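K.L.:
This is the structure, below, for whatever I ask next.
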């Protein structure tokens, strides 16, 4: 620490404010806020710091700047604005540099409704942010279908209307606009329609339907049937929208639900917007973080990024865990909201289920971020890169070997080994195995035999080990393979089992299956490999059975054809099983006449049991 920095630390003020850490290039690398600047800033330079992120950052700090504020809430607001503007290296930041779009309802005599990325303090209303542009465009299409909002950008004033400065366009003639430019609709009626648009954008669909129903009934009473019919059509369209909105709570509260998924330097925040108990929107924030960040800190940053003076703040905000500086955040949100805001961390019930659902969305978003990242880093197929991520492997599983056992009631047991390289089958490396040491249907022993034969051969030939071994089956088959590999002296190998029933992935020494999203391209690759191993094993098994059936003594019996022989051996397994079977069982399998032929043959050869 240089002398100048030491002097500044000794003369810090004790009030609230914002501090900025600066590196030798005079660049701001971290911005923070504090209730007490003296104690907070000095805490970074203590010797007992354990956070790796803080230690790395402080080594680069050569100076700092302060901005003293009147309150901690004011410090939080200033900190948030400075982070968005300067994007310091060690602060949590939005990953996208672009500004998210909003839907703007202009402050005019006849307001316009259109998308914008510029939020101005011009008296207009803004709705958003929309993290998915498609969602925003869908909302605008819905508005244009239901309401006759003008699409022109004329500056329509009362004076312009009096002077007949503008003429109606095609939209008026196709009944997409009521012609405010020629004064064909009053500002009062037009703005009443705009207020309906605002209600829809706020997710108040059910409230809007009630208001319009009342308006329709009034029009009917006043014998304005054409107007009533127009309102009725609006109601029908709004009802279809309302039906598509999922009801997630029966108390009709307004809530936002936040959940975070993060790994390494990538983080995703999922936000569910619930209005009147209905899920009306889902938003995703991509966040860039440093390794070692706490969940509560990421959550706190996400809230500050998400809520701004143009974003509607609901009565309740639901989290999986309490965000850092929760009380200051609450004070800040309450200063912006018309109603008192409450933070909730549910432990059970419907709200807990909502948080869980939101978390799954955040996890899926994070996986997509990571897949895209891996895809951009090289020519490795993203399914292989995704598999490395899902299984947390240290190396990319470029070469995968998968084993499958196939038998029918213990007869003709065989095994297959298929090989995938870079996510594609390498058929020249496929292998077939006839199980020799196992009698009867014992998949575990069969798996032990084939794994031992395969990898003992690798040792003898001094061939490289695959990046990942996979067995078709659950914990039993996996344990059998691990037992043999350990006995052969292998270590630091990667092996998994894939159980078909629930598509569960099992790892050694773990009783519970690994949680891999069903939509993961890594899991889909495993399923493809498993299915290919199963196909290869079944094909080999059927070929062996067909050869055995063709060679059977039964084929030599006059009156017994190959089809009957195939059926008998498929069901009973062997020649001895057929000749020892009960007469009733044979009759069920084949006709009475063919059973008599068999019995006569066995009696003549003195082989049929009495």
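K.L.:
What's the total number of residues in the stretch 405-422 that are buried (at least 17 other Cβ atoms within 10 Å of the Cβ) and modelled with pLDDT of 90 or more?
P.N.:
Residues meeting the conditions: 5.
K.L.:
In contact with a helix residue (DSSP H, G or I) (Cβ under 8 Å, 6 or more places away or on another chain) and not in a strand (DSSP E or B): is that true of residue 73 in this structure?
P.N.:
So residue 73 fits the description; yes.
K.L.:
Right, here's the next one. Residues to consider are 490, 465, 403, 420; find the one that is assigned by TED's automatic domain parsing to the domain that holds residue 535, outside any strand (DSSP E or B) and under 34 Å from the mean Cα position of the chain (by Cα).
P.N.:
Going through 490, 465, 403, 420 in turn, just one is assigned by TED's automatic domain parsing to the domain that holds residue 535, outside any strand (DSSP E or B) and under 34 Å from the mean Cα position of the chain (by Cα): 465.
K.L.:
Which number in (1) under 30 Å from residue 194 (Cβ atoms); (2) modelled with pLDDT of 85 or more marks the one condition that residue 70 misses?
P.N.:
So residue 70 meets the others, but not (1).
K.L.:
Now a separate question. Hey, among 78, 109, 82, which residue is closer than 30 Å to residue 152 by Cβ and touching a residue at least 60 places away in the same chain (Cβ under 8 Å)?
P.N.:
Just a single option satisfies the conditions, and that option is 109.
K.L.:
From the set of residues in the stretch 330-360 that are within 21 Å of residue 119 (Cβ to Cβ) and in a helix (DSSP H, G or I), which is farthest from the chain's Cα centre (by Cα)?
P.N.:
335
K.L.:
Oh, and also: Mind checking whether some residue in the stretch 286-296 is within 16 Å of the chain's Cα centre (by Cα) and either surrounded by fewer than 19 Cβ atoms within 10 Å (Cβ to Cβ) or not assigned by TED's automatic domain parsing to the domain that holds residue 126 (or both)?
P.N.:
Within the stretch 286-296 (the criterion being within 16 Å of the chain's Cα centre (by Cα) and either surrounded by fewer than 19 Cβ atoms within 10 Å (Cβ to Cβ) or not assigned by TED's automatic domain parsing to the domain that holds residue 126 (or both)), the answer is yes, since at least one residue qualifies.
K.L.:
Next question, about the same structure. Mind counting the residues in the stretch 40-67 that are surrounded by fewer than 13 Cβ atoms within 10 Å (Cβ to Cβ) and in contact (Cβ under 8 Å) with a residue 12 or more places away in the chain?
P.N.:
Number satisfying all stated conditions: 2.
K.L.:
Hey, can you tell me all the residues within the stretch 511-528 that are modelled with pLDDT under 85 and surrounded by fewer than 16 Cβ atoms within 10 Å (Cβ to Cβ)?
P.N.:
Hits for the stretch 511-528 are 511, 512, 514, 515, 517, 518, 519.
K.L.:
The conditions are (1) free of Cβ contacts under 8 Å to residues at least 60 places away in the same chain; (2) in contact with a helix residue (DSSP H, G or I) (Cβ under 9 Å, 6 or more places away or on another chain); (3) not in a strand (DSSP E or B), and residue 396 fails exactly one of them. Which is it?
P.N.:
Looking at each condition in turn, residue 396 falls short on (1).
K.L.:
So, one more: So if I check each of 386, 362, which one is touching a residue at least 24 places away in the same chain (Cβ under 8 Å), crowded, with 20+ Cβ neighbours inside 10 Å and out of contact with any helix residue (DSSP H, G or I) (no Cβ under 8 Å at 6 or more places or on another chain)?
P.N.:
362
K.L.:
Here are the criteria: (1) under 30 Å from residue 360 (Cβ atoms); (2) at pLDDT 90 or above. Tell me which single one residue 449 does not satisfy.
P.N.:
All conditions are met except number (1).
K.L.:
In the stretch 440-447, is there at least one residue being closer than 25 Å to residue 264 by Cα, in the same structural domain as residue 539 (by TED's automatic domain parsing) and in contact with a helix residue (DSSP H, G or I) (Cβ under 8 Å, 6 or more places away or on another chain)?
P.N.:
Within the stretch 440-447 (the criterion being closer than 25 Å to residue 264 by Cα, in the same structural domain as residue 539 (by TED's automatic domain parsing) and in contact with a helix residue (DSSP H, G or I) (Cβ under 8 Å, 6 or more places away or on another chain)), the answer is no, since none of the residues qualifies.
K.L.:
Identify, please: which residue in the stretch 114-149 is in contact with a helix residue (DSSP H, G or I) (Cβ under 6 Å, 6 or more places away or on another chain) and closer than 26 Å to residue 230 by Cα and is, among those, surrounded by the most Cβ atoms within 10 Å (Cβ to Cβ)?
P.N.:
So the residue we want is 146.
K.L.:
Could you check, for the stretch 472-483, whether at least one of its residues is over 35 Å from the mean Cα position of the chain (by Cα), over 24 Å from residue 391 (Cα atoms) and either surrounded by 19 or more Cβ atoms within 10 Å (Cβ to Cβ) or touching a residue at least 24 places away in the same chain (Cβ under 8 Å) (or both)?
P.N.:
Taking every residue of the stretch 472-483 in turn, none turns out to be over 35 Å from the mean Cα position of the chain (by Cα), over 24 Å from residue 391 (Cα atoms) and either surrounded by 19 or more Cβ atoms within 10 Å (Cβ to Cβ) or touching a residue at least 24 places away in the same chain (Cβ under 8 Å) (or both).
K.L.:
Further question: Given 547, 551, 579, 558, which one is modelled with pLDDT of 75 or more and surrounded by fewer than 17 Cβ atoms within 10 Å (Cβ to Cβ)?
P.N.:
558
The values are calculated or read from the model by the stated rules, or taken from the named source; none is laboratory data. Model, not experiment: these values are computed from the prediction. Here the Cβ is made from the backbone with ideal geometry for all residues, glycine too, and neighbour counts use every protein chain on show.
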